[in-house]
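Participant: Okay, handing you the structure first.
Please treat every number below as a calculation from the coordinates, not as lab data. Predicted, not measured: the structure shown is a model, and the values here were computed from it. Reconstructed Cβ throughout: ideal geometry from the backbone, glycine too, with neighbour counts over all protein chains shown.
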Amino acid sequence: MIKRSMFDKGLCVFPSMIVKVLSRRTIAFPVYLLIFAGSIHATEQPKIIAGPYLQHVTKTSITIMWETDTPSLSMVRFGKSRFLPKGKNSAPLDQQVSSTETNTIHELVLNNLEPQTDYFYQVHSHNNGKQGVESKVLTFQTAVKDTSPFAYVVMGDNRTYPERFKKLAEKAFAERPNFVLNVGDVVSNGANKKEWITEYLAPASELMKRVPTYVAIGNHERNASWFYRYVSYPTPENYYSFDYGNAHFTIVDSNAKLVPGSKQRRWLEEDLASSSAKWKFVAHHHPPFSSDADDYGNTSVESSRRGDPRVQSLIPIYEKYNVDVVWCGHIHDYERTWPIRDGKVDQAKGVIYIQAGGGGAELENFAPTRSWFTAKVLRNWQYCLVTIHEGTFRMMAYDIDGRMYDFLELKK
């Protein structure tokens, strides 16, 4: 529900002024009518057409974004959750952050927050403080402390079919995760602005207004400018990293150059080498291992590479820096590998690769013969829920109807 502020007093009395003038000189009616219509248009209140939604979160900060149909100034009112005095029933919103420039896509960062703490927030957009629109009061939580348990959801390839993505997003939100990791292809065509709302932000609105979402850019995003306008991550945004709890997350752009000596590959090694987190996760769109029927060789008539050669070149880096799980998508189904090291199954020291591309796009199929690395496959729409506490990692994979079809536990 969106609440709209009232017209200012000057506009409220303007119609009666016109009537008085017209009673004396009716020939002026068209002129005054145009003046009145123009005044209404000039001060027309903005409308929220997307969001609000949450982006990059840390222990002490969070980014809040939303979009309005017309350029406007923006503000976030917020406050820490606490028990209220008897008789008071409105959420405490005793702090605020405001913009100084008008925009349609609004991005405000709340700083100096407390770790692992619930907050209430409300966004507000206005034209010079007179005509405004505000969201309902919502909630977010800052990142947990390093020793605390946490949970995150993994999904991807939701493009084109928002009704399926909406259903999966609703089930994901029912788990109350701390954040969502999307492995890309959130829209059909990243250069089409409308799709960012209709295929991505709107279907998952209930989830995204309360839970931060991180995206590993896919090929369908097309590296379009809208990707950078609709997300807010550490620079350069198409690849980045962040810490959460006792885990480190490295997000790779598998559409960009990954060859030895490339800027992103050097960054990837430096990022993984510098992290001392207990758990290390990598996410990118394209899969290093995949049993897909025809993306890496048409298995009805020829052999298959069983994965994307470009990202396969990163496997030695993942093994060198002891990455635990690599998340990917691109292929529209689910596949989990055995732990792999040096081209074979190594249950003690291997890296696990999980393809979670069942977010809503049309399903693909598997090769008719089993791959040597496969531990579990499923041809259905799905999402994964991960829970972590200290040295315990648990992953539960659910289909679109809420049935759990895979479970994985790791200990260290």
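Participant: Using each residue's phi in segment 207-223, evaluate 6.51 cos²θ - 1.76 cosθ + 1.60 at θ = phi - 60° and report the 3J(HN,Hα) Karplus result to the nearest Hz, with x for Gly and Pro.
Facilitator: 6, 6, 6, 10, 10, x, 10, 10, 10, 8, 4, x, 5, 6, 5, 6, 6
Participant: Taking the chain as the reference, fit the longest principal axis to its C-alpha atoms, fit the long axis of helix 162-174 to the helix C-alpha atoms, and give the angle between the two in degrees, 0 to 90, nearest 10.
Facilitator: The answer is roughly 80 degrees.
Participant: Work out, step by step, the length gained on full extension between Asn322 and Glu206: first 0.36 nm times the residue separation, then minus their alpha carbon distance; give nm to one decimal. Walk me through the intermediate numbers first.
Facilitator: On the way: separation 116, 0.36 × 116 = 41.76 nm, distance 3.57 nm.
Here the answer is 38.2 nm.
Participant: For each of Lys47, Lys280, count neighbouring Cβ atoms within 10 Å of the residue's Cβ, then give the residues from fewest to most.
Facilitator: Lys47, Lys280
Participant: A follow-up question, please. Could you state the angle between the C-alpha long axis of helix 29-42 and the longest principal axis of the C-alpha atoms of the chain, as a value from 0 to 90 degrees rounded to the nearest 10?
Facilitator: Approximately 40 degrees, to the nearest 10.
Participant: Along the Cα-to-Cβ line of Ser148, 7 Å from the Cα, sits a label point; which residues in segment 54-86 have backbone N less than 13 Å from it?
Facilitator: Residues 58-61, 81 fall inside that zone.
Participant: I'd like the Karplus ³J(HN,Hα) series for segment 79-89: coefficients 6.51, -1.76, 1.60, θ = phi - 60°, whole numbers in Hz, and an x wherever there's a Gly or Pro.
Facilitator: x, 6, 5, 7, 6, 9, x, 4, x, 9, 10
Participant: Through the Karplus equation 6.51 cos²θ - 1.76 cosθ + 1.60, θ set to phi - 60°, convert the phi angles of segment 321-334 into ³J(HN,Hα) values in whole Hz; use x for Gly and Pro.
Facilitator: So the Karplus estimates, Gly and Pro as x, are 9, 6, 5, 7, 9, 10, 9, 8, x, 6, 8, 8, 6, 10 Hz.
Participant: What residues have an amide H closer than 5 Å to that of Val215, excluding those fewer than 5 places away on the same chain, when H is modeled at 1.01 Å from N in the peptide plane?
Facilitator: Excluding prolines and chain starts, which carry no amide H, the hits are Asn182.
Participant: For a test of the definition: using alpha carbon positions, the gyration tensor, and the 1.5 limit on a/c, classify the chain as rounded, prolate or oblate.
Facilitator: Note, shape of the chain comes out prolate.
Participant: If you don't mind, another one. List the residues, sorted by chain then number, that are 5 or more residues from Ile62 or on another chain and whose placed amide H is less than 5 Å from its amide H.
Facilitator: For Ile62, the qualifying residues are Leu110.
Participant: With 10 angstrom as the radius, rank Val144, Val345, Val252 by how many other C-beta atoms surround their C-beta, starting from the fewest.
Facilitator: Details: Val144 19, Val345 14, Val252 27.
Ascending number of Cβ neighbours within 10 Å: Val345, Val144, Val252.
Participant: How large is the helix-only mean residue ellipticity at 222 nm for the chain, computed as the sum of -39500 (n - 2.57) over DSSP H runs with n ≥ 4, divided by its residue count, in deg cm²/dmol to the nearest 500? Display every interim value, and only then the final one.
Facilitator: Values: 8 runs with 75 residues, N = 412.
Dividing the helical sum by the residues of the chain leaves -5000 deg cm²/dmol.
Participant: Could you list Val154, Val301 in order of exposure, starting from the residue whose Cβ has the fewest other Cβ atoms within 10 Å?
Facilitator: With the fewest neighbours first, Val154, Val301 line up as Val301, Val154.
Participant: Can you flag which of Lys145/Lys263; Lys263/Lys349; Lys194/Lys263; Lys257/Lys320 are past 26 Å Cα-Cα? Spell out each step's value before the answer.
Facilitator: On the way: Lys145/Lys263 32 Å; Lys263/Lys349 28 Å; Lys194/Lys263 32 Å; Lys257/Lys320 20 Å.
Flagged as over cut-off: Lys145/Lys263; Lys263/Lys349; Lys194/Lys263.
Participant: Note the full-extension length gain between Glu114 and Asp342 as 0.36 nm times their separation in residues minus their Cα-Cα distance, in nm to one decimal.
Facilitator: Numbers: separation 228, 0.36 × 228 = 82.08 nm, distance 4.34 nm.
In short, 77.7 nm is gained.
Participant: If amide hydrogens are placed 1.01 Å from N in the peptide plane, which non-local residues have theirs closer than 5 Å to the one on Phe289?
Facilitator: Amide H to amide H, under 5 Å and 5 or more residues apart or across chains, Phe289 pairs with Asp308.
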